[in-house]
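Asker: My structure is below; once you've seen it, I'll send some questions.
The values are calculated or read from the model by the stated rules, or taken from the named source; none is laboratory data. None of these values were measured; they are calculated from a predicted model. Note: ideal-geometry Cβ built from the backbone for every residue, glycine included; neighbour counts use all protein chains shown.
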Amino acid sequence: MSTGSRSFGQGADALADAFYPLYLRVFDERSDFVADMETKLAEARMDDPVELFVSRALGVGALVGGLLWVLGLGLGYVLFYLGLVGTESLIGVPVPNETLLAIIRALKVPALVVTTGLVFGFMGFTLGFGGIIAVPYMRSSSREREINMLLADSVSFMYALSIGGMNQLEILESMAKADDTYGEVAMEFRAIVQETEYFDTDYRTAVRNRAMETPSDELSQFLTDMLSIINSGGDMTEFLADKKDKHMRTAKQEQELTLETLELFGEMYMTLSLFPLLLIIILVIMSMLGQAQMFLLYATVYVLTPIIGVGFLVLVATVKQDEPGDGYLALGDDGEVTNREPGLRDLGLVERFVGEHGIFDRIRSREGTHETLRLLTHPAGFFRDQPLFTLAFTVPVTLVVITFAVLGGVAPTTYDGLVAQPIWGTFVYVYVPLYAVGVPLAVFREWNVRSRHRITNKLSDNLRKLSSANDTGMTLLESVKTVADTTSGKLGEEFEVMYAKVNYGTSLRRALVEFNNKYHLPRLARTVKLVAKAQEASSQITAVLTTAAQASENQDDIQRERRSRARMQVVIILMTYLTLLAVMIILEVKFLGTMAGLSASGGGGEAAQAGAEQMDFGGDIDTDVLGLLFFHAVTIQGLVSGFIAGYIRDASLLAGVKFAVVLPTIALVAFSFT
């Protein structure tokens, strides 16, 4: 632990100790709040005692509340004592008694200042105390979400181990070591193993305790049912087979509920995204009637539109489930991934020995030079594997281009110049960075995704082939060779590479792990983990391969349904944006064109001037400014809608880059020719 983190921990403990008497005075140790808090701390795997944690939360709340109380007093003094806010008639209630009126006048301003301080102090205490208290709830919810997502694959893994001949304790220990693949599920089983090893608890009691403390109701029910099988001496393999099928069905049902919720959100977004458009139309009409509201127009375009998009994106993120894990597998039981693909950030095995001897420093230097030369000679492959690294090149280039455009007088440098050239100015300051940064990032990201998913597209079929070949009596390695000879595409090539590696002395487990870490897909990692663990016990693992194929097919079904339903949501978002764009273009062409014509005709002739006076509307409207605001509104909406569409489709903001490039481009083309 670093010195900074140690001193912070000591400071937090001192704060908790200082406010512990307040905790004893405010909370009853047998109250529901304390009991719920203790449960959530256990579910979140936070080792703080509930008394210490709540005392610390009280301390943080008191500090933040005190700070905001002082700020509130200062703000109240500035507002009321200095006269920025009038206090002559705040309520407007007549007071008949002169003495009472004099008292009210004397105490009114101090009371307002004190009230402002109290309000700010209460808000600060609520934020500080509530923020700390919310941490275990959020961690518990996050762990529950991940456990429920991985439980079906975890049960399949335990079923495979049971088929391989492992007993109950060995299954628990193997699950406890599989945190590189099964994440929080493995951590729950690790808690069971550690309780039996370090606290002299029998594993039945440990399983019962974990069933009571896990945040997932699904896992709690599974552990309870497993405990009944252990106590009764039932068939564990048959039990796991039944649970495997049950949780696969449950995973599909959960996915169905998630997709239905996303469909509801899609309908919500269709309505919310049109709200800024309706507000803009209302504000323009008010301006036509002589009540110009330009500040509200600016706020609607540049503040309200992005806020609605970001808020909806956060809302979707609470429902859309990211696939947990990074997809890498550890080669040994120590949990350390030792065979990641080397690169500029990690030069591989030599990193572990740098500093021990000079030769390793020289090797690291040479390896870094080699990787740099590889990047310079084959940059496309590097950027395909690391799409975000394109930003290191595109962002500086973009800044240089914009700087030269400004210094060369090509781009407008004032707001009036931007109003005079709205298309060109926005193109230089918005679209040039969008294309220079977004296009390479989108291209290499899509290349990366497609190259990795070429492996999973045929994974289920090839697992079935492996199972059939293994069922004929072939060893797993022979089955791999047979499937490699009969399979085309990238996966067949990888099977050939695995077979060659084993023939040249590499263990089959290592070949499987290296194959997985090359593509590091979480779904692939779970399949490889299952097969690699089972083949250690026997080469005849037909049932295990069949189970892996079933789990993979279940994932195929879930992803197919997800893509189908997400496609509809993306279409809704795109059509909503195109509708907004069409309305804006109509306003630009018809409304602003008509207003400009009225303004031009109003200057000639007394009759025209008299007509303009009779229907005096739109006289203060600057059509050029409105045209700029309309164009910026659809551009911002295009960027926001693009990222939302990508996130709904693939649960990744990077997936929205291509939409964020295409949608504003449609607006650019449309406004350029109007």
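Asker: Return yes when Tyr198 is farther than 18 Å from Arg139 by Cα and of a type in the set (Ser, Thr, Tyr) and no when it is not.
Answerer: Criteria met by Tyr198.
Asker: Please list, ordered by first then second residue, the pairs with beta carbon atoms under 6 Å, 6 or more apart or interchain, first in the range 180-199 and free of Cβ contacts under 8 Å to residues at least 24 places away in the same chain and within 18 Å of Leu227 (Cβ to Cβ), second assigned to a helix (DSSP H, G or I) and among the aromatic types (Phe, Trp, Tyr).
Answerer: Pairs found: Thr196/Tyr203.
Asker: Separate question: Quick one: Pro215 ticks every box in (1) in a helix (DSSP H, G or I); (2) within 24 Å of Leu41 (Cα to Cα); (3) not aromatic (Phe, Trp, Tyr) except a single one, so which number is it?
Answerer: The number of the failed condition is (1).
Asker: Test Ser140 against the stated conditions and say whether it is in a helix (DSSP H, G or I) and at pLDDT 90 or above. Outline the logic, then answer.
Answerer: Details: in a helix (DSSP H, G or I): yes; at pLDDT 90 or above: yes.
Yes.
Asker: On to the next question. Could you count how many residues in the range 623-674 are under 27 Å from Leu315 (Cβ atoms), touching a Gly at 6+ places or on another chain (Cβ under 9 Å) and not β-branched (Val, Ile, Thr)?
Answerer: Total meeting the criteria: 21.
Asker: Just checking, how many residues over the range 454-488 are closer than 19 Å to Glu553 by Cα and in a loop (DSSP other than H, G, I, E, B)?
Answerer: Residues meeting the conditions: 2.
Residue-wise test of (1) surrounded by 13 or more Cβ atoms within 10 Å (Cβ to Cβ); (2) more than 20 Å from Gly183 (Cα to Cα).
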{"position": "Asp200", "(1), (2)": "no, yes"}
{"position": "Ala211", "(1), (2)": "yes, no"}
{"position": "Lys246", "(1), (2)": "yes, yes"}
{"position": "Leu257", "(1), (2)": "no, yes"}
{"position": "Glu263", "(1), (2)": "yes, yes"}
{"position": "Val284", "(1), (2)": "yes, yes"}
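Asker: Of everything in the range 654-674 that's modelled with pLDDT under 90 and hydroxyl-bearing (Ser, Thr, Tyr), which residue is surrounded by the fewest Cβ atoms within 10 Å (Cβ to Cβ)?
Answerer: Ser672
Asker: I would also like to ask the following. Kindly indicate whether Ser460 is under 30 Å from Leu545 (Cβ atoms) and more than 29 Å from the chain's Cα centre (by Cα).
Answerer: So Ser460 does not fit the description; no.
Asker: Please find, within the range 415-460, the residue that is surrounded by the most Cβ atoms within 10 Å (Cβ to Cβ) out of those that are over 17 Å from Lys518 (Cβ atoms) and without any contact (Cβ under 8 Å) to a residue 12 or more places away in the chain.
Answerer: The first filter runs over the range 415-460 and keeps only residues over 17 Å from Lys518 (Cβ atoms), leaving 415-446, 460.
With the extra rule that they be without any contact (Cβ under 8 Å) to a residue 12 or more places away in the chain, the set shrinks to 415-417, 421, 443.
Working: Tyr415: 11, Asp416: 11, Gly417: 12, Gln421: 16, Val443: 18.
Checked the range 415-460; the qualifying residue surrounded by the most Cβ atoms within 10 Å (Cβ to Cβ) is Val443.
Asker: Tell me yes or no: at least one residue of the range 277-297 is assigned by TED's automatic domain parsing to the domain that holds Gly646, under 30 Å from the mean Cα position of the chain (by Cα) and not aliphatic (A, V, I, L, M).
Answerer: no
Asker: Can you pull out the residues in the range 109-155 that are within 22 Å of the chain's Cα centre (by Cα) and over 23 Å from Arg523 (Cα atoms)? If you could, list the steps in order and put the result at the bottom.
Answerer: First, pick out the residues of the range 109-155 that are within 22 Å of the chain's Cα centre (by Cα): 131-132, 134-151.
Gly131, Ile132, Ala134, Val135, Pro136, Tyr137, Met138, Arg139, Ser140, listed by residue number.
Asker: Do any residues in the range 251-268 that are under 20 Å from Leu219 (Cα atoms) have Cβ atoms under 6 Å from those of residues that are among the hydrophobic types (A, V, I, L, M, F, W, C) and in a helix (DSSP H, G or I), where the two are at least six apart or on different chains, and which pairs are they?
Answerer: Cβ pairs passing all conditions: Ala251/Ala152; Gln255/Ile558.
Asker: On to the next question. Quick check: is even one residue across the range 185-192 part of a helix (DSSP H, G or I), of a type in the set (Asp, Glu), assigned by TED's automatic domain parsing to the domain that holds Leu150 and at pLDDT 90 or above?
Answerer: yes
Asker: Residue by residue through the range 160-172, note down the ones that are in a helix (DSSP H, G or I) and either among the small types (Gly, Ala, Ser) or surrounded by fewer than 18 Cβ atoms within 10 Å (Cβ to Cβ) (or both).
Answerer: Within the range 160-172, Ala160, Ser162, Gln168, Leu169, Glu170 meet the criteria.
Asker: Residues that are of a type in the set (A, V, I, L, M), within 27 Å of the chain's Cα centre (by Cα) and closer than 30 Å to Ser467 by Cβ: does the range 156-163 have at least one?
Answerer: Within the range 156-163 (the criterion being of a type in the set (A, V, I, L, M), within 27 Å of the chain's Cα centre (by Cα) and closer than 30 Å to Ser467 by Cβ), the answer is no, since none of the residues qualifies.
Asker: Going by the structure shown, is Val303 within 20 Å of His632 (Cβ to Cβ), free of Cβ contacts under 8 Å to residues at least 60 places away in the same chain and β-branched (Val, Ile, Thr)?
Answerer: Yes: the conditions hold for Val303.
Asker: May I pose another question? From the list Ile91, Ile104, pick out the single residue that is in a helix (DSSP H, G or I), at pLDDT below 85 and more than 34 Å from the chain's Cα centre (by Cα).
Answerer: Ile104
Asker: Right, something else. With the requirement that a residue be under 30 Å from the mean Cα position of the chain (by Cα) and not β-branched (Val, Ile, Thr), what does the range 46-65 give you?
Answerer: Met46, Asp47, Asp48, Phe53, Arg56, Ala57, Gly61
For (1) modelled with pLDDT under 85; (2) of a type outside the set (A, V, I, L, M, F, W, C); (3) farther than 16 Å from Gln569 by Cα, each residue gets a yes or a no:
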site	(1), (2), (3)
Gly603	yes, yes, yes
Glu606	yes, yes, yes
Gln637	no, yes, yes
Ser652	yes, yes, no
